[in-house]
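Report on the following structure.
The values are calculated or read from the model by the stated rules, or taken from the named source; none is laboratory data. Fair warning: this is a prediction, and the values are worked out from it, not measured in the lab. Cβ placement follows ideal geometry from the backbone for every residue including glycine, while neighbour counts extend to all protein chains displayed.
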Amino acid sequence: MNSSTYWLIALTILIITIFLPRIGLIAIYRTWRASQEREQVEDALKHLLDRENQGRHATPESIGGTLDLPRDKVTRLVEHMEAQGLLESQGNELHLTAQGERWALHIVRAHRLWERYLADEARMPLSKIHSEAQKREHTLTEAQLNELDAALGHPTRDPHGDPIPTREGKLNRAEGMSITAWREDHPARIVHLEDEPALAYQQILATGLRLGQDIRIIERNQNRYILSDGESEYRLAPAVASNIFVSALPESEMLKREAIPLAELAHDQRAQIVTLDDSVQGFTRRRFLDLGLTPGTTIYPELTNFFGEPRAYRVRGTMIALRNDQASQIWVKPI
């Protein structure tokens, strides 16, 4: 083979490598670029939705600050989104269209369902789930998102307490108020832990405070807040404490005060299921519901195990086996 033939073959391979449809370098670059542009659009949509939920309006400057983009790129992004019918400009104010709102809710729903999965099933530390969910939120179709929602048992809140949009596009209002506005020495339940700024969120997690925990303020001044759950005390700076949102104890808590864990039910004692513990989420909650363990259902232990567990229970005419740690998450009222 002479040198000219060799170079001709090499040039042909190079051209094929660059221009080959779908797997050539140009095709790969175009796919990557389209993916980056889509993520920018979706991040901007989330920003607009967040602003509107706060009763504020977004601006090109606020988008640039959130997405870390220079002015010229923000201008092109806004023009592109207007051309797609996703937003409308009113002077310096930017507003979502109906189509833009639907898309934004899809991304928010994906993000919060991913956070639920990462926390409950993947057991990822809470301090890391937000950034990981941001990477994954752009990857799911509507059908795939519905499958994930069903597999997780249709959760209504993410691990921080934020409401998860429904498949119909409904987003309930966030519950609670900042602990800094709560009455001193009055019991409350943590319903939301704000994860931004990240440093404040990490400080909250480092103290051991968690979603669903019952606390009360036992002391506060301009320098610190001291909270207690009846066993431990938690000391926080006011700026950090303001990221903890609480509400009054729910009705289910009052029901639990009249109930006992299923694991403590005596042999052959019939009981009525009152509620599932708030800690039961994800696939475990879905499995419990599939087994018929819903409020109002009659259940009773029927068989004992020589080793103590699992224990057999009769529910809806079917025998099921539960470990003690599972049965402890089901609250019942003896009848």
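Things worth noting here:
- Check on ASP72, modelled with pLDDT under 95, of a type in the set (Asp, Glu) and in contact with a Gly (Cβ under 6 Å, 6 or more places away or on another chain): no
Every residue, every condition in (1) crowded, with 18+ Cβ neighbours inside 10 Å; (2) of a type in the set (Asp, Glu); (3) outside any loop (DSSP other than H, G, I, E, B), yes or no:
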{"site": "GLY161", "(1), (2), (3)": "yes, no, no"}
{"site": "THR166", "(1), (2), (3)": "no, no, no"}
{"site": "ALA174", "(1), (2), (3)": "no, no, no"}
{"site": "GLU196", "(1), (2), (3)": "no, yes, no"}
{"site": "LEU199", "(1), (2), (3)": "no, no, yes"}
{"site": "ILE204", "(1), (2), (3)": "yes, no, yes"}
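- Within the set ALA248, ALA266, ALA259, the sole residue that is modelled with pLDDT under 90 and crowded, with 18+ Cβ neighbours inside 10 Å turns out to be ALA259.
- Among residues of region 191-213 that are small (Gly, Ala, Ser), those with a beta-carbon under 6 Å from a residue that is assigned to a loop (DSSP other than H, G, I, E, B) and surrounded by 14 or more Cβ atoms within 10 Å (Cβ to Cβ) at least six positions away or on a different chain give the pairs ALA200/ASN243; GLY212/ASP278.
- Any hit, region 263-274, residues being of a type in the set (Asp, Glu), over 30 Å from GLU115 (Cα atoms) and out of contact with any Asp or Glu (no Cβ under 9 Å at 6 or more places or on another chain): yes
- Residues (at pLDDT 90 or above, closer than 28 Å to MET177 by Cβ and not in a loop (DSSP other than H, G, I, E, B)) located in region 53-65: ALA58, SER62, GLY65
- Restricting region 119-154 to residues that are of a type in the set (Asp, Glu) and either assigned by TED's automatic domain parsing to the domain that holds LEU67 or at pLDDT 90 or above (or both), the residue that is surrounded by the most Cβ atoms within 10 Å (Cβ to Cβ): GLU137
Results for (1) surrounded by 20 or more Cβ atoms within 10 Å (Cβ to Cβ); (2) among the basic types (Lys, Arg); (3) outside any helix (DSSP H, G or I); (4) not assigned by TED's automatic domain parsing to the domain that holds GLN213, shown as yes or no for each residue.
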| residue | (1), (2), (3), (4) |
| --- | --- |
| ARG235 | no, yes, yes, no |
| ILE273 | yes, no, yes, yes |
| ARG285 | yes, yes, no, yes |
| PRO295 | no, no, yes, yes |
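- VAL280 being crowded, with 18+ Cβ neighbours inside 10 Å, on the phi < 0 side of the Ramachandran plot, assigned to a loop (DSSP other than H, G, I, E, B) and under 26 Å from the mean Cα position of the chain (by Cα): yes
- Region 176-194, residues that are of a type outside the set (A, V, I, L, M, F, W, C), surrounded by 15 or more Cβ atoms within 10 Å (Cβ to Cβ) and assigned to a loop (DSSP other than H, G, I, E, B): GLY176, PRO187, GLU194
- Selected residue [touching a residue at least 40 places away in the same chain (Cβ under 8 Å), closer than 30 Å to ARG285 by Cα and touching a Pro at 6+ places or on another chain (Cβ under 8 Å)] from LEU171, LEU94, LEU152: LEU171
- Screening GLY55, GLY161, GLY85, GLY91 for residues that are within 15 Å of the chain's Cα centre (by Cα) and on the phi > 0 side of the Ramachandran plot leaves exactly one candidate, GLY161.
- Qualifying residue in region 214-230 (condition: surrounded by fewer than 16 Cβ atoms within 10 Å (Cβ to Cβ), among the aliphatic types (A, V, I, L, M), touching a strand residue (DSSP E or B) at 6+ places or on another chain (Cβ under 8 Å) and in contact (Cβ under 8 Å) with a residue 40 or more places away in the chain): no
- Candidates LEU105, LEU87: the one that is modelled with pLDDT of 90 or more, assigned by TED's automatic domain parsing to the domain that holds HIS57 and within 21 Å of VAL41 (Cα to Cα) is LEU87.
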